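Peer 1: This is the structure I want to talk about, given as structure tokens.
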Amino acid sequence: MIDTISNAMTSLSMWSKMTNALKRKKNATQAAIRRHNAAQDNDKLATYLLDQVIMKNDEIENLRNQATQSNQEIGRLIHLTLLKDNAIEDLLDRLQHAQGQYDAALKHGTTLTTLEKANFEQQLRELQGKLYSQEMRHHEERKVHLAESHAIKKQNNALRTANAENEARVETLQQNNRSMRIDAIRAYVRAVSNHNFLT
């Protein structure tokens, strides 16, 4: 009778140890599964962020192309500006020449009829008006082109910053992912080792 009780107690003790070991194994396996799932989620997030980085890079490339086109347009406008500068210089020369002729005529007492004087002054006013109009249009165009160029540069800088931040986040996630995978593998190995030890 005593032997039967002793055997039963021994069996109960062994059963309890096995149950506890199985619980530990179950907990370790569940922890390994959680780590594995977290690593997979991290993989998905890293993939998503990589896609975002690629999209940002495409946007940057698109903006670079736009900036190149804009720079070409600015170059064309600068060329036109130089032509306009030459036109303004020509108008200025004509104005100064006309003014010189007018002043010389007055200085030497050259007689001008009222109509001639009026026509001459009208020509001077027209030249002055054209000169002023050219200079104002030229000034406004330069302001617009400089503002466009500045806006493009600012947008490019913002995208470069966003791209660098995304790349840093992806690198961090990839490092975390590697660590989580290693932890998951170690937990799985421990769980398998415990199982083999029990069996």
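The values are calculated or read from the model by the stated rules, or taken from the named source; none is laboratory data. The model shown is predicted, which means the values in this text are computed figures rather than measured ones. Cβ sites come from the backbone with ideal geometry, for glycine too, and all protein chains shown count toward neighbours.
Peer 1: Looking at this structure, is Thr113 at pLDDT below 75, over 29 Å from the mean Cα position of the chain (by Cα) and over 30 Å from Leu173 (Cβ atoms)? Walk me through how you get there before you give the answer.
Peer 2: Working: at pLDDT below 75: yes; over 29 Å from the mean Cα position of the chain (by Cα): yes; over 30 Å from Leu173 (Cβ atoms): yes.
Criteria met by Thr113.
Peer 1: Restricting attention to the stretch 116-144, report how many residues are among the aromatic types (Phe, Trp, Tyr) and either at pLDDT below 75 or outside any helix (DSSP H, G or I) (or both). Before the answer, list the steps.
Peer 2: So the first thing to find is which residues in the stretch 116-144 are among the aromatic types (Phe, Trp, Tyr), and the list is 120, 132.
Applying the additional criterion that residues be either at pLDDT below 75 or outside any helix (DSSP H, G or I) (or both) yields 120.
Of the residues in the stretch 116-144, 1 are among the aromatic types (Phe, Trp, Tyr) and either at pLDDT below 75 or outside any helix (DSSP H, G or I) (or both).
Peer 1: Next question, about the same structure. Could you list, in sequence order, all residues of the stretch 57-90 that are acidic (Asp, Glu), farther than 30 Å from Glu126 by Cβ and surrounded by fewer than 12 Cβ atoms within 10 Å (Cβ to Cβ)? Talk me through it step by step, then tell me what you get.
Peer 2: First, pick out the residues of the stretch 57-90 that are acidic (Asp, Glu): 58-59, 61, 73, 85, 89-90.
Now narrow it down to the ones that are farther than 30 Å from Glu126 by Cβ: 58-59, 61, 73.
Answer for the stretch 57-90, where residues must be acidic (Asp, Glu), farther than 30 Å from Glu126 by Cβ and surrounded by fewer than 12 Cβ atoms within 10 Å (Cβ to Cβ): Asp58, Glu61.
Peer 1: OK, next. Can you go through Leu77, Leu91, Leu82 and tell me which one is under 30 Å from Lys154 (Cα atoms), part of a helix (DSSP H, G or I), at pLDDT below 75 and touching a Lys or Arg at 6+ places or on another chain (Cβ under 9 Å)?
Peer 2: Working: Leu91 fails: under 30 Å from Lys154 (Cα atoms); Leu82 fails: touching a Lys or Arg at 6+ places or on another chain (Cβ under 9 Å).
Of Leu77, Leu91, Leu82, the one residue that is under 30 Å from Lys154 (Cα atoms), part of a helix (DSSP H, G or I), at pLDDT below 75 and touching a Lys or Arg at 6+ places or on another chain (Cβ under 9 Å) is Leu77.
Peer 1: Shifting gears a bit: Confirm whether Ile54 is touching an Asp or Glu at 6+ places or on another chain (Cβ under 7 Å), surrounded by 11 or more Cβ atoms within 10 Å (Cβ to Cβ), part of a helix (DSSP H, G or I) and not hydroxyl-bearing (Ser, Thr, Tyr). I'd like the intermediate steps shown before the answer.
Peer 2: On the way: touching an Asp or Glu at 6+ places or on another chain (Cβ under 7 Å): no; surrounded by 11 or more Cβ atoms within 10 Å (Cβ to Cβ): yes; part of a helix (DSSP H, G or I): yes; not hydroxyl-bearing (Ser, Thr, Tyr): yes.
Judged against the criteria, Ile54 is not a match.
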